[in-house]
Amino acid sequence: MDARILALSYLICWGCKSEKQRVLRWDFPQQQWIYPDTLWGELPITEPAACRTLELQIQLEELYPWRNLYLLAFLESPDGFRTQSRLELVFSDSLGRWYDSDRAFETVIAQRLSLGTAGVYRIGLLPYIRSDTVVGIRRIALHAYPCSSE
């Protein structure tokens, strides 16, 4: 089988494997994310212990000044208990060459996440940098989808 057909078949199957659930989407009309504006989204869980994957999408403008971005990610359970993790997202190599020419990046931030209690979880994102304002950011989106049955 031609490698192009095989690759196209894989992409079609991957795209149809499960529906993504939008947890949050935030557009920055001024291309600025100002500290301490935490972006919050909700993830309703109806099946406790079901496996989820969280995918983060970020779109940057050309004026984004850094090669990476640190975020604090918060997970708040239905009973109010909150945990946090620090994430580093790297957008270019050490010579400043962007990993994606249109500056639209996707990465998995939680794989095989299993939440033990039914209810609505809140997920928050906060910039964790030495500046009060992250400039050059166009959009952030977070999606959840069921884990594959591998």
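The values are calculated or read from the model by the stated rules, or taken from the named source; none is laboratory data. For clarity, every value in this text was computed on a predicted model and none was experimentally measured. Here the Cβ is made from the backbone with ideal geometry for all residues, glycine too, and neighbour counts use every protein chain on show.
Please determine, by comparing only the residues of region 77-106 that are out of contact with any Lys or Arg (no Cβ under 7 Å at 6 or more places or on another chain) and of a type in the set (S, T, N, Q), which one is nearest to E55 (Cα to Cα).
Result: S85.
Restricting region 87-107 to residues that are within 25 Å of I34 (Cα to Cα) and exposed (fewer than 10 other Cβ atoms within 10 Å of the Cβ), which is modelled with the lowest pLDDT?
Of everything passing the filter in region 87-107, G96 is modelled with the lowest pLDDT.
Inside region 89-150, counting only strands (runs of 3 or more DSSP E) that do not spill past its ends, which hold 3 or more residues that are touching a strand residue (DSSP E or B) at 6+ places or on another chain (Cβ under 9 Å) and over 13 Å from Y64 (Cα atoms)? So that I can check it myself, show each step before the final result.
Numbers: elements: 104-114, 119-127, 133-135, 137-146.
Correct list: 104-114, 119-127, 137-146.
Quickly run through region 53-78 and pick out the residues that are over 19 Å from V23 (Cα atoms) and part of a loop (DSSP other than H, G, I, E, B). Full working, then the answer.
Going residue by residue through region 53-78, those that are over 19 Å from V23 (Cα atoms) are 60-70.
Answer for region 53-78, where residues must be over 19 Å from V23 (Cα atoms) and part of a loop (DSSP other than H, G, I, E, B): E61, E62, L63, Y64, P65, W66, R67.
Please work out which one of (1) within 18 Å of the chain's Cα centre (by Cα); (2) farther than 16 Å from F28 by Cα is the condition Q59 fails and give its number.
(2)
Exactly one condition in (1) buried (at least 16 other Cβ atoms within 10 Å of the Cβ); (2) over 16 Å from G116 (Cα atoms); (3) not basic (K, R) is not met by E76; state its number.
The failed condition is (2).
What about L63, is it surrounded by 12 or more Cβ atoms within 10 Å (Cβ to Cβ) and either farther than 22 Å from Y35 by Cα or not basic (K, R) (or both)?
Working: surrounded by 12 or more Cβ atoms within 10 Å (Cβ to Cβ): no; either farther than 22 Å from Y35 by Cα or not basic (K, R) (or both): yes.
When the stated conditions are applied, L63 does not pass them.
Here is a list of conditions, (1) surrounded by fewer than 13 Cβ atoms within 10 Å (Cβ to Cβ); (2) among the hydroxyl-bearing types (S, T, Y); (3) touching a residue at least 12 places away in the same chain (Cβ under 8 Å); (4) under 28 Å from P29 (Cα atoms), and Y128 meets all of them except one; can you say which number that is?
Unmet for Y128, out of (1) surrounded by fewer than 13 Cβ atoms within 10 Å (Cβ to Cβ); (2) among the hydroxyl-bearing types (S, T, Y); (3) touching a residue at least 12 places away in the same chain (Cβ under 8 Å); (4) under 28 Å from P29 (Cα atoms): (1).
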